[in-house]
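No value in this document is a laboratory result; all are computed from the given coordinates. Predicted, not measured: the structure shown is a model, and the values here were computed from it. Here the Cβ is made from the backbone with ideal geometry for all residues, glycine too, and neighbour counts use every protein chain on show.
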Amino acid sequence: MIMNAVAHTPIFDRFDIRFSRVQVLAVAGVLLITSLGVFLFQIASSHDPFLPNGVPLGGDFIAFWSAARGVVAGHAGDLYNSAFFESWLQTMVPAENPYDLTWQYPPSYYFLILPLAFLPYSAGYAAWTGGSLIAFAATGYVIGLRERWLFVVLSAPVVFNAAITGQNGFLTASLLAGAALLPDRRPMIAGLCAALLTVKPQLGLLLPIAYAAGGCWRAFGWATVGTVFLGLASVIAFGVEPWLHFPEGAALVSERLSDGVMPLFKMPTTFAGFMLAGAPKALALSVHSVIAFCVMGTVAIVWRRVREPDLRAAILCTGVFFISPYIYYYELVVAALPIALVAKRAMKSGWLKYEQLSFGMLFLIPMFIPSAAYRFGLHIGFGVSVIAFLIVMRRIRSTHPDFRLLRRQKSALLA
C-alpha cells in the first residue's frame, strides 16, 4: 500500500517522461552524425597506424591483425605466451610503449581473423569493422527491426563503442541474437550460431541453460555438433599445439583479473563494480557468484515459462553480464538488438510507468563508459547492466501470465 502510494505521487509522476517519435529520431540523428564524425576524424588523423595520442587506430584490432599474421607465419601456438605475443606485436607495429595485450581466444577464432593477414592494417580495420557492422545491421533487419528502429539502434553509443575499439562485438551480437531468437523456429541456425559463439565463450554461458530449460533440444544438438566440428576443423587447420597452449592464455587472463591488473573500470560486471567500490576481492567474487546463480535461475525460469522469442532473447542477452566477471563495456552491444525488440513490443502494447525514461537512460548512459569511472571513480557500466536486466524483467512480468500471477502474490503480501 505504501509503495503504491509513493509510486503515484506527483513528484514521482514527473519522471514518467514520454518521448515523441520526432524527439527520438532527432537525438538518434545527432548521435549518429557525431559518431561518424569522430570515427572519420580518427581515421584521417591516424599515422602508421597510431592516433595523435599514441593509441593504435581501432584499439584492440591491432591484436587481431597481428595474430592473423602470426598464424600465417606459423606461430598459432606461440601467441598464447604473453611475452611472445608482446614481442610479436612490436614486430608487426613497433611502438614506444608496451601494448600490454594478451591472446586468450580459442584456436577456432583464427578462422574469423585469418583473412586480415592479407590486408594492410587500415584496410583490415575498415573491412573488419565495416563488414561486421553490416552483418549486425542485417541481423537487426531480419529479426524485424526496420527503418527507424534500425536507425536508432545504429546511432546508439554502444554501437559506437564497439566500432571505435575495433573489437568483435558486432559479430558476437549477431551470433547471440541468432542463437537466442531462433531455437524454436530455426533450430539448426540457432545451434550453429551458438557453436560459432564459442570463439568468445564467456558470452554463451547461459545458452545451454536456456536451451535445456526451454526444451530446445534440436538447437542444443546442432550447437553440440557445430562446436565439435569447429574444434576438429581448427585442429586440422592449425594443429594440436594451439589447443595445448590455449589454457595458458586463459589462465593468465583469470590471474590478471583476480589481481586487479585488468582495467576494471571498463567492465560492466558485478565483480568489477564491487571491486571498484572498495570491496575485498573475496567479497566481490562471492557477491558475483551469488548474483550469477540467481541470474541463471531467472533465465531458466523465463525460458521454461515464456514463449515469446524477443523476451527470451532479451533476458538471456542482458543476463550474460552477470555470469562471467571478464566482459568489457564494448560487449554491451550484444544486448542492443533484443532490447530494441522489447522497446518495439512496449510501443505496440503500451508503455509501463517510467519505462521510456529507463530506455532513455539505457540508450544514453553508455556514451560515458569508461570515462566516468576513470575520471570520477563512478562505475556506471555495472549500473547499465542492472538497468537493462531490470527493464526486461519488468516487461516480462507485465506481459506473461505466470509472472503476472507472481506479481499479484507479491503485491498481496506487501499490502
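Residue exposure proxy: I396, I369, I236, ordered by other Cβ atoms within 10 angstrom of their Cβ from fewest to most, comes out as I236, I396, I369. Ranking W243, L116, P366 by how far each Cα lies toward the positive end of the dipole of region 55-414 (charges on Cβ) leaves P366 at the top.
Against the chain, whose longest principal axis comes from its Cα atoms, helix 217-238 is set at around 10 degrees. If the cut-off is 27 Å between C-alpha atoms, which lysines fall inside it for K200, apart from same-chain ones fewer than 8 positions away? Counting by Cα, and skipping residues close in sequence, K200 has these lysines nearby: K266, K281. Put in order of Cβ neighbour count within 10 Å, fewest first, the listed residues K200, K344 become K344, K200.
Each stretch of four or more DSSP H residues adds -39500 (n - 2.57); spread over every residue of the chain, this sum gives -21000 deg cm²/dmol at 222 nm. Computed about the Cα centre, the dipole magnitude for region 55-414 is approximately 2040 debye when only Lys and Arg (+1) and Asp and Glu (-1) carry charge, each at its Cβ.
Among G214, G70, G144, the largest mean-square fluctuation in a Gaussian network model of the chain (Cα springs under 10 Å) belongs to G144.
Helix 281-305 and the longest principal axis of the Cα set of the chain meet at an angle near 60°.
Sorted largest first, the principal axis extents computed over the alpha-carbon atoms of the chain equal 67, 46, 46 Å.
With neighbour counts taken as other beta-carbon atoms within 10 Å, the residues V342, V22, V71, V287 rank, fewest first, as V22, V287, V71, V342. Build a GNM of the chain with springs between Cα atoms under 10 Å apart, and of T91, T269, T298 the one that fluctuates most is T91. Sites listed here are trypsin sites (Lys or Arg not before Pro) in region 276-310 whose DSSP assignment is loop and whose Cβ has at most 13 other Cβ atoms within 10 Å: R307. Taking a sphere under 13 Å around the Cβ of S324 and counting the other residues whose Cβ falls inside, with K and R at +1 and D and E at -1, yields a net charge of 0.
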